[in-house]
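Novice: Below: one structure in structure tokens.
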Amino acid sequence: MIQPHGGKLVQQIIKDKEEKTYWLKKSKELIKLKLDEEQIKEIKNVARGLYSPLSGYMKKEDFESVTENLKLANGTVWPIPIALDIPSTIAKQVHIGRRIALMDSKNKPVAILIVEDKYKFDKKKTARKVFGTSDPEHPGVAEMLARKDTLIGGDILLIDNSKKTFNNYNLDPVETRILFAEKKWTTVVGFQTRNAPHRAHEYLQKCALENVDGLFINPVIGKKKDGDYTDKAIINSYNILIENYFNKDKVVLSILPLKMRYAGPREAVMHAIIRKNFGCTHFVVGRDHAGVGDYYDPYAAQNIFDELPDLGIKILKYENAFYCEICNNMATDKTCSHDDKFKVKPSGTMIREKIRNKERIPEEIVRPEVMKVLQEMKEVFVKQ
């Protein structure tokens, strides 16, 4: 099976009962920092190995190297800085070597952070490097600019390894690697999505599946922007699609608890590394992967992989698909040269509009079973 990124699957989970009891008691004496839901998801992603080789939050050397060069200080490719910002009141109390108890909204300890570094960072410069813009209208930039001035780095020890979000679909890399091995899949293609499926997505997934043993559909479940599909809409619609139109023995559906940063090409690299850690040997990158608005060239997310060292996972660069009325089939510009007037192209805006108005969408764009599921749901789209 493909090796995890960096050569070792990180596990920062406290599994020993006595050790867990010790840290639960010890946390009462420590400095406490309350985290939001998305920060907790990130901690768990680190601890469960999704972010291998990271074992915690980045220290200054790694943070700056990643920001400038898309590499950790040791040369391992990593595209997006991962660090924890803290308020000034806590920054004054924190020193190298201290332990901090990371708490959830109910003041229960989630993890212990071993502080190994404390530093300032230039928010505008970091945003410009990571997102390619410092425009505050960009959702990722806006979030970066809103962060506190002080960052801390260091390893984490996860106390609470519970999976409350879609538990039946929340597999970590240890579990997916066992599952792929049980299925005797030596090659697996990962498919990233944050949308309910339309026929073009289905077509690309099946094209990819023709060349490998299994398909790993891995939708992002987490904080998104206004108008995106809700998590439940994505899960429900993919379930019905797989049930009716896929060889179920060749598909695994599991979520990726992760907020979208909309960092375009850099985020595409991070998504590929995460799927490599899950055990995928291939990963689909479409046009405008992880993009937002018109901040990125449509092919930037594909081209960035040509500029980086081999990541060890094969990138499948696909064109947008459509239904051709002449071919009477799904196709891309690589396989169909008919005039645009015969091409029925899926439009996210149009699909959303028809779902909201409960209007029929042509079967050439969305499977009727998928459409029925979405139109019967009360909350299909995120409302901020």
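Novice: For the chain, what does the helix formula give at 222 nm: sum of -39500 (n - 2.57) over DSSP H segments with n ≥ 4, over the residue count, nearest 500 deg cm²/dmol? Walk me through the numbers before you get to the answer.
Specialist: Values: 13 runs with 123 residues, N = 384.
Using -39500 (n - 2.57) per qualifying helix, the result is -9000 deg cm²/dmol.
Novice: Follow-up. Which trypsin sites (Lys or Arg not before Pro) in segment 9-46 sit in a loop by DSSP (not H, G, I, E or B) and have at most 10 other Cβ atoms within 10 Å of their own Cβ?
Specialist: Working: sites: 15, 17, 20, 25, 26, 28, 32, 34, 41, 44; in loops: 15.
Those satisfying the criteria are 15.
Novice: Ok, one more. Which listed residue (235, 200, 303) has the Cα farthest towards the positive end of the charge dipole for segment 167-376, taking +1 on Lys and Arg C-beta and -1 on Asp and Glu C-beta about the Cα centre?
Specialist: My answer, from the dipole projection, is 235.
Novice: Using 0.36 nm times the number of residues separating residue 168 and residue 18, minus their current alpha carbon distance, what extension gain do you get? List each step's numbers first, then the result.
Specialist: Values: separation 150, 0.36 × 150 = 54.00 nm, distance 2.80 nm.
Contour length minus the Cα-Cα distance gives 51.2 nm.
Novice: Mind sorting out which of (1) 37, 22, 21; (2) 26, 25, 22; (3) 36, 30, 20 is the real semi-axes √(5λ) of the Cα gyration tensor in Å computed from the coordinates?
Specialist: Correct label is (1).
Novice: Also, I was wondering about something else. Separation between the residue 210 and residue 356 pseudo-spin-labels, each 7 Å from Cα along Cα→Cβ, expressed in nm?
Specialist: In this crude spin-label approximation the distance works out to 3.7 nm.
Novice: Classify segment 167-376 as rounded, prolate or oblate, taking a ≥ b ≥ c as the square roots of the eigenvalues of its Cα gyration tensor: rounded when a/c is under 1.5, otherwise prolate if a/b is larger than b/c and oblate if not.
Specialist: On the way: a/c = 1.37, a/b = 1.23, b/c = 1.11.
Rounded, because the longest to shortest axis ratio a/c is under 1.5.
Novice: Here's another thing I want to ask about it. What trypsin sites (Lys or Arg not before Pro) does segment 208-248 have in DSSP loop regions with at most 16 other beta carbons within 10 Å? Please list the in-between numbers first.
Specialist: Working: sites: 223, 224, 225, 232, 248; in loops: 223, 224, 225.
Passing sites in segment 208-248 are 225.
Novice: If you don't mind, there's one more thing I want to ask. Would you mind computing, in nm to one decimal, how far apart the modelled labels at residue 1 and residue 347 are, each placed 7 Å from Cα along Cα→Cβ?
Specialist: About 4.4 nm separates the two model spin labels.
Novice: Compute, for the chain, the length of the dipole vector about the Cα centre, with Cβ point charges of +1 (Lys, Arg) and -1 (Asp, Glu) only. Units Debye, rounded to 20.
Specialist: Approximately 1260 debye in magnitude.
Novice: Set the Förster distance to 41 Å, then compute FRET efficiency between residue 128 and residue 363 from the Cβ-Cβ distance, nearest 0.05.
Specialist: Numbers: r = 45 Å, r/R0 = 1.09.
Working from the Cβ atoms, E equals 0.40.
Novice: Starting from the Cα of residue 343, draw a straight line to each of the lysines and keep only those under 23 Å, dropping any in the same chain fewer than 8 residues away.
Specialist: Reachable lysines: 206, 317, 334, 354.
Novice: Given R₀ = 51 Å, FRET efficiency for residue 149-residue 326 by Cβ-Cβ distance, to 0.05? List each step's numbers first, then the result.
Specialist: Values: r = 59 Å, r/R0 = 1.16.
Here the calculated transfer efficiency is 0.30.
Novice: Here's another thing I want to ask about it. Is the shape of segment 260-327 rounded, prolate or oblate, going by the alpha carbon gyration tensor and its root eigenvalues a ≥ b ≥ c, with a/c under 1.5 for rounded and a/b larger than b/c for prolate?
Specialist: Numbers: a/c = 1.99, a/b = 1.33, b/c = 1.50.
Since a/c reaches 1.5 but b/c is at least a/b, the shape of segment 260-327 is classed as oblate.
Novice: For the chain, calculate the relative contact order in percent as a whole number, restricting contacts to Cα pairs under 8 Å that are 6 or more residues apart. Please report the intermediate quantities before stating the final value.
Specialist: Details: 729 pairs, mean separation 66.5, N = 384.
Result for the chain is 17 percent.
Novice: Restricting to Cα pairs below 8 Å that are 6+ residues apart, what does the relative contact order work out to for segment 167-376? Please round to a whole percent. Don't jump to the answer; show the numbers that get you there.
Specialist: On the way: 332 pairs, mean separation 47.8, N = 210.
Relative contact order here is 23 percent.
Novice: Exceeding 24 Å between C-alpha atoms, which entries from my cross-link table qualify? They are 20/164; 232/314; 20/148.
Specialist: Numbers: 20/164 19 Å; 232/314 30 Å; 20/148 30 Å.
Flagged as over cut-off: 232/314; 20/148.
Novice: Do any trypsin sites (Lys or Arg not before Pro) in segment 273-377 lie in a DSSP loop with no more than 14 other beta carbon atoms within 10 Å, and if so, which?
Specialist: Details: sites: 275, 276, 287, 314, 317, 334, 341, 343, 352, 354, 356, 358, 360, 372; in loops: 287, 334, 358, 360.
In loop regions of segment 273-377 (DSSP not H, G, I, E or B), the sparsely surrounded trypsin sites (Lys or Arg not before Pro) are 334, 358, 360.
Coordinate-derived values only; no laboratory data. Given the structure is predicted, the values throughout are model-derived calculations rather than measurements. When we count neighbours, we look across all protein chains shown, and the Cβ atoms used for this are built from the backbone with ideal geometry, even at glycine.
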